[in-house]
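Working notes, structure below.
The values are calculated or read from the model by the stated rules, or taken from the named source; none is laboratory data. Please read these numbers as outputs of a predicted model, since none were measured by experiment. Counting neighbours? That spans all protein chains shown, and the Cβs are built from the backbone with ideal geometry, glycine included. Surface areas here come from the heavy atoms of the whole protein model, side chains and all, with no ligands, DNA or RNA. Shrake-Rupley method; radii C 1.70, N 1.55, O 1.52, S 1.80 Å.
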Amino acid sequence: MQRRNFDNLMQEQIKQAQGKSLLLHCCCAPCSSSCLERLKDYFKITVLFYNPNIEDGEYERRKNELIRFISETGWADFIDCDHNTREFYSAAKGLEFEKEGGARCVKCFELRLSKTAELANKHGYDYFATTLTVSPLKNATVINEIGERLGGGKWLYSDFKKKNGFLRSTELSEKHKLYRQNYCGCEFSKRGEHKTD
């Protein structure tokens, strides 16, 4: 089976999307930086910070950095969701000892993208997407398949690591002095075999 080029698919969508609204799920300021830079000229973007997987203290730190980055750049509006880690632990139940990148992560992607799709529909956004595909350690195919299933025509395809997206995120993080975490955010990834950033 031929692999799909999600970056090319996104470019095709962007041609039709000038001025449309986008609800962009974001996990942290560093990952968001290059994604927002790439999309800001095409969409009216609202960032959604919905990450029940992230531990309490870490959650506040990442949220505050993202708010600071958005305030400095003016590239998006911001929506915060209630931080309820029970939602994540319920989704991850029985998968606590899965390897990083495995079935637990898929459940976590589904949880966060389901909420993004729900809010995009409820509030009339034209598109929704996630910054998760900028990480070299996140499977863009899995993420796009979940988004496609949940969102139909509203899903904006992406593989933000393409065209040096991850490298650009490190450059923007340095420029804006952003806090860069060294793990995904959940307690399981903290003890995992490899880190996510």
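Peptides 6-19, 41-54 ranked from most to least packed by the mean count of surrounding Cβ atoms within 10 Å: 41-54, 6-19.
Mind checking which of S158, L172, N144 is farthest towards the positive end of segment 142-187's charge dipole, using Cβ charges of +1 (Lys, Arg) and -1 (Asp, Glu) about the Cα centre? Towards the positive end, the residue furthest out is L172. Relative contact order of segment 61-197, taken over Cα pairs closer than 8 Å and 6 or more residues apart, is 23 percent.
Students often get this wrong, so check it: of K154/K177; K107/K163; K63/K177; K122/K163, which have C-alpha atoms separated by over 25 Å?
On the way: K154/K177 33 Å; K107/K163 28 Å; K63/K177 15 Å; K122/K163 33 Å.
K154/K177; K107/K163; K122/K163, as the Cα separations exceed 25 Å there.
Taking only the alpha carbons of the chain, we obtain Rg and Dmax values of 15.5, 44 Å in that order. Of the peptides 101-108, 160-167, 72-79, the order by per-residue mean of other Cβ atoms within 10 Å, starting with the highest, comes out as 101-108, 160-167, 72-79.
The charge dipole of the chain, taken about its Cα centre with unit charges on the Cβ of Lys, Arg, Asp and Glu (plus for the first two, minus for the last two), comes to roughly 380 debye. Figure note: S114, S90, S34 ranked by solvent-accessible area, largest first, 1.4 Å probe, ligands and nucleic acids not counted: S90, S114, S34. Near D159, the amide H atoms lying under 5 Å from its own belong to D7; only residues 5 or more places off or on other chains count, and H is placed 1.01 Å from N. Farthest towards the positive end of the charge dipole of segment 2-121, among the residues M10, C108, S33, is the Cα of M10, using unit charges on the Cβ of Lys, Arg, Asp and Glu.
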